[in-house]
Amino acid sequence: MKYNKKQGYFLSNTISEWETNGTINKETADTLRNSYSTRTFDYKKLAEYSFWIAIICAIISVGAIVADDLLIDLIESLFSSSNMGLSSAFAVLSAVIYYLGLKRRQKRPEKIFSNEVIIFAGVLFTAASIAYFGKAIDTGSGHFSILFLLSTVIYSCLALWFPSQLVWIFALVSLGSWFGTETGYMSGWGAYFLGMNYPLRFILFGSVLVGISFLFKNSKLYAFYKSTYTMGLLYLFISLWILSIFGNYGDMDSWYKVKQIELFHWGLLSALVAIVAIYYGLKQDDYTSRSIGITFLFINLYTKYFEYFWDTTHKALFFFILAASFWFIGQRAEKIWNLEFLKKDKQIEDRNEV
């Protein structure tokens, strides 16, 4: 079996520790070491990152087409400017792509990332189909949130059918878009819905999504647990961060009239939730909760520093504090690494000398 450098290093140290502690003898340790090899370059990661970049570039490309009136007019003229015709054409095209993607997945299951990119192309064409369908049935009511709900249903069904994590993520993005636009429509596109502005609403939305993800953990939908959990945390912490800056205000004029110290309790709430996420991540060995909690805790702290001290602190001093804080973090991390790994390396060297 082949592993990347990080996995190979972990296995090597684990086997050496077992051998040092007498858990296994030298013959067994040598057998285990010879049972795997370490890749010098992680081509899997390269493939994953390359395909993600390809997806981002594809989205930008589609956005550029949408923004180009000449291209849109040309496309629409091919279908006699019929929105329903365009919707049907994109629907058929997406169905063909999904079919080809499924066939390729069955024939070449090892091509994980390229198969996902093909399915993603179907997702883009599905979105285009729904958009033109919305234009075809538009009555001027402004209730376009129903299109996001339709997208959520379609993407959810496709994600369960394939199955596909990428399509499921788009279903969650569509669900969030529906929630935002639907509450906006129900409030008459005002600033508040049940006394909550948009960031405060999405804190509740993200919390519910995280709760639902735990239901997936012990069910047949376990495959979608991680993506739902991660998206829920992102919805939650991004909303908390925005709320810590603007508070529960619905317009810029009201926000300008308040002092930043009056929003301190929102920042405190954001920090407390981040600390809870970090504690849970450490307690349950949950990397996602721990890393997102740490990230947003520092984002919140530096945001507050900008708000309260940027104007009164010399810029050289500010960046010195920034450098010193990251130096401290790196030093502590290095110390922990030394305690965990260098001691083991010393034991291995002593054993080899004997």
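The values are calculated or read from the model by the stated rules, or taken from the named source; none is laboratory data. Remember, it's a predicted structure, so these values are computed and weren't measured experimentally. Neighbour counts run over all protein chains shown; Cβ positions are idealised from the backbone, glycine included.
Let me confirm something: among GLY184, GLY176, GLY134, GLY180, which residue is over 24 Å from the mean Cα position of the chain (by Cα), more than 23 Å from ALA89 (Cβ to Cβ) and of a type outside the set (Val, Ile, Thr)?
Numbers: GLY176 fails: over 24 Å from the mean Cα position of the chain (by Cα); GLY134 fails: more than 23 Å from ALA89 (Cβ to Cβ); GLY180 fails: over 24 Å from the mean Cα position of the chain (by Cα).
After applying the criteria, what remains is GLY184.
Looking at this structure, is LYS226 closer than 27 Å to VAL123 by Cβ, out of contact with any Pro (no Cβ under 9 Å at 6 or more places or on another chain), in the same structural domain as ILE278 (by TED's automatic domain parsing) and not in a helix (DSSP H, G or I)? Steps first, answer last, please.
On the way: closer than 27 Å to VAL123 by Cβ: yes; out of contact with any Pro (no Cβ under 9 Å at 6 or more places or on another chain): yes; in the same structural domain as ILE278 (by TED's automatic domain parsing): yes; not in a helix (DSSP H, G or I): no.
It is false that LYS226 is closer than 27 Å to VAL123 by Cβ, out of contact with any Pro (no Cβ under 9 Å at 6 or more places or on another chain), in the same structural domain as ILE278 (by TED's automatic domain parsing) and not in a helix (DSSP H, G or I).
If you filter the range 1-43 down to residues that are within 23 Å of ILE112 (Cα to Cα) and assigned to a helix (DSSP H, G or I), you find that the one that is modelled with the lowest pLDDT is TYR43. So, of the residues in the range 289-304 that are aromatic (Phe, Trp, Tyr) and touching a helix residue (DSSP H, G or I) at 6+ places or on another chain (Cβ under 8 Å), which turns out to be nearest to ILE242 (Cα to Cα)? Per the criteria, the residue is PHE296.
Inspection of the range 112-127 finds no residue satisfying the criterion of being modelled with pLDDT under 70, in a helix (DSSP H, G or I) and acidic (Asp, Glu). Looking at PHE298, PHE306, PHE319, just one residue is modelled with pLDDT of 80 or more and over 19 Å from GLY232 (Cβ atoms), and that residue is PHE298. Sub-7 Å Cβ pairs linking a first residue in the range 229-246 that is at negative phi to a second residue that is among the aromatic types (Phe, Trp, Tyr), at least 6 apart or interchain, are TYR235/PHE202; TYR235/PHE205; PHE237/PHE296; SER239/PHE202; TRP241/PHE296; LEU243/TRP266; SER244/TRP266; PHE246/TRP255, ordered by first then second residue.
Across the range 271-302, the number of residues qualifying as in contact (Cβ under 8 Å) with a residue 24 or more places away in the chain and among the aromatic types (Phe, Trp, Tyr) comes to 1. Only a single item in (1) of a type outside the set (A, V, I, L, M, F, W, C); (2) part of a helix (DSSP H, G or I); (3) farther than 17 Å from VAL273 by Cα is not met by LYS220, and it is number (2). Selection of the range 135-164 for residues being under 20 Å from GLY176 (Cβ atoms) and buried (at least 18 other Cβ atoms within 10 Å of the Cβ) yields SER145, LEU147, PHE148, SER151, THR152, ILE154, TYR155, SER156, LEU158, ALA159, SER164. Applying the condition of being under 15 Å from THR288 (Cβ atoms) and among the basic types (Lys, Arg) to the range 198-242 and asking which residue is surrounded by the most Cβ atoms within 10 Å (Cβ to Cβ) yields LYS226.
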